[in-house]
Amino acid sequence: MTETPLLEVSGLRVEFATASGMAAAVDDVSFSVAPGETVGLVGESGSGKTVTSLSIMGLLPREAGRLAGGSIVFDGTDLTRLSERRMRSLRGSAISMVFQEPMTSLNPAYTVGDQIAEAVRRHRGAGRRAAWEEAVRALDMVGIPGAARRARQYPHEFSGGMRQRVMLAIALVCKPRLLIADEPTTALDVTIQAQLLDLLAELRRELGMSMLFVTHDLGVVAEICDRVVVMYAGQVVEQAPARAVFHEPAHPYTAALLAAMPQAETEGEELAYIPGRPPALGAWPDGCRFADRCGHVAEVCASPVSLAETGEGRAARCARTSELVLGGAR
């Protein structure tokens, strides 16, 4: 019997206002996250990853964006139908998010302990002392040494890696069932990045939570994800177990991303890259959106193509999937 997903996004469409009217930044996006699973949401900048994440959290900018279609079901409840008050009660408690740049998310005027304790007081109704004790425990949980002392310090007194751990402490202090991590390792050096990935994997096991890991880095995906959802120009173009994506990609875009990954054995060789640029928002072609950058383009690619199953737990949005044999990671 298939396990009921904790999160199921179906037919999601998100539109933004442009000079020429409303344009879809996310178009017919569907995927799920099972209990205890880590799913990687992968793609270039502008592919729709962050917009999808903000839609799940109910944090789309109201003045410019709108949810134009689809459903986002979390633990049996369609989040798109909830009031803002109900969504606020879920954010930080049942669902939490870690953003890419901690210095834009942490308030420089308050100690990190106060900012973590605020989440406990808001979502758990704890008193000041109990909330502070929870904040210290959360800092200790994410591996910050001298947690009781450092809780009284301000964000500017922490390194980039430590600030990201503080953001994790805020996100995890109420033990959410789902953590959305939006490019949490982008600004970190390789050593700190590896430490953070190890920490996330350990915390996922300890807390039994699910995770949606948003990134453009397939190397990070290989380290932490069970399944991968690849996005391009606002659409899902492939989804599959992580191992299958790396060894047998089903979409030319996924194969191109893998080929562009730096490898130790390619030292001294010219790095591969994907020619051209993604189509601009609101200028999507009628057919395959990757066609003008694809080395396998054919006449059939000019027609609209849907996401279709290609095997057990696998799907791809490519009219030529059954014909192509694409190379995986080296």
> If one computes the Cα centroid of the range 196-227 and of the range 1-25, what distance in Å separates the two points?
Replying inline: 23 Å
> Among residues other than Asp27 whose Cβ falls under 15 Å from its Cβ, what is the net charge (Lys/Arg +1, Asp/Glu -1)?
Replying inline: +2
> Using a Gaussian network model of the chain with C-alpha springs under 10 Å, which one of Thr215, Thr52, Thr186 is most mobile by mean-square fluctuation?
Replying inline: Thr186
> Say a paramagnetic label sat at a point 7 Å from the Cα of Ala260, along Cα to Cβ; which residues of the range 9-43 have their backbone N under 11 Å from it?
Replying inline: 43
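State the extension gain, in nm to one decimal, for the chain segment bounded by Asp189 and Glu270, taking 0.36 nm per residue of separation less the distance between their alpha-carbons.
In short, 26.8 nm is gained.
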>> Can you report the principal axis dimensions of the range 180-330 using only the alpha carbons, biggest first, rounded to whole angstrom?
In response: 49, 40, 31
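Let me have the relative contact order for the chain, percent, based on Cα pairs under 8 Å that are six or more residues apart.
Details: 618 pairs, mean separation 65.4, N = 330.
Here the relative contact order equals 20 percent.
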>> More than 33 angstrom separation, counting every C-alpha pair in the chain; what % is that?
In response: 29 percent
> Put a dot 7 Å past each Cα toward the Cβ at Leu324 and Ala109; how far apart are the dots in nm?
Replying inline: 5.2 nm
> Taking the chain as a Gaussian network, where each spring joins two C-alpha atoms under 10 Å apart, which residue of Asp78, Asp189, Asp27 fluctuates the most?
Replying inline: Asp189
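Computing the accessible area with a 1.4 Å probe over protein heavy atoms, can you report the carbon and sulfur percentage for the range 185-330?
Working: 3710 of 7530 Å².
Here it works out to 49 percent.
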>> As a test of the formula, what do you get for the chain when each DSSP H run with n ≥ 4 contributes -39,500 (n - 2.57) and the sum is divided by the residue count, at 222 nm and rounded to the nearest 500 deg cm²/dmol?
In response: -9000 deg cm²/dmol
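Evaluate the relative contact order of the range 108-167 (contact order divided by residue number), counting alpha-carbon pairs under 8 angstrom at least 6 apart; express in whole percent. Walk me through the intermediate numbers first.
Details: 60 pairs, mean separation 25.4, N = 60.
Averaging sequence separation for qualifying contacts and normalising by length gives 42 percent for the range 108-167.
Return one whole number: the accessible area per residue of the range 80-196 in Å², for a 1.4 Å probe. Working shown, then result.
Numbers: 5820 Å² over 117 residues.
Using a 1.4 Å probe on heavy atoms only, each residue of the range 80-196 averages 50 Å².
Pulled fully out, how much extra length does the chain show between Leu59 and Asp78, if you take 0.36 nm times their separation in residues and subtract their Cα-Cα distance?
Numbers: separation 19, 0.36 × 19 = 6.84 nm, distance 1.53 nm.
Separation in residues times 0.36 nm, less the Cα-Cα distance, equals 5.3 nm.
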> If each of His216 and Glu101 carries a label point 7 Å out from its Cα toward its Cβ, how far apart are those two points in nm?
Replying inline: 1.4 nm
>> Which one, Met167, Met211, Met141, has the greatest fluctuation when you compute a Gaussian network model over the chain with C-alpha springs under 10 angstrom?
In response: Met141
> Using alpha carbons only, how many degrees (0 to 90, rounded to 10) separate the axis of helix 160-172 from the longest principal axis of the chain?
Replying inline: 80 degrees
> Applying 1/(1 + (r/R0)^6) with R0 = 25 Å to the Cβ-Cβ distance of Arg128 and Gln153, what FRET efficiency is obtained, to the nearest 0.05?
Replying inline: 0.85
> Hey, what did the range 1-88 get for relative contact order, percent, Cα under 8 Å, at least 6 apart?
Replying inline: 37 percent
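Can you tell me how much longer the chain between His247 and Arg205 gets when fully stretched, taken as 0.36 nm per residue apart minus their C-alpha distance, in nm with one decimal?
On the way: separation 42, 0.36 × 42 = 15.12 nm, distance 2.60 nm.
The span from His247 to Arg205 would gain 12.5 nm if fully extended.
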> What residues of the range 1-27 lie in the reach of a label at Ser306, counting those whose backbone N is under 17 Å from a point 7 Å from the Cα along Cα→Cβ?
Replying inline: 10-13, 27
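The values are calculated or read from the model by the stated rules, or taken from the named source; none is laboratory data. Please read these numbers as outputs of a predicted model, since none were measured by experiment. Every residue, glycine as well, gets a Cβ built from its backbone with ideal geometry; the counts of neighbours run over all protein chains shown. Surface accessibility is based on the protein's heavy atoms, side chains included, excluding ligands, DNA and RNA. Shrake-Rupley method; radii C 1.70, N 1.55, O 1.52, S 1.80 Å.
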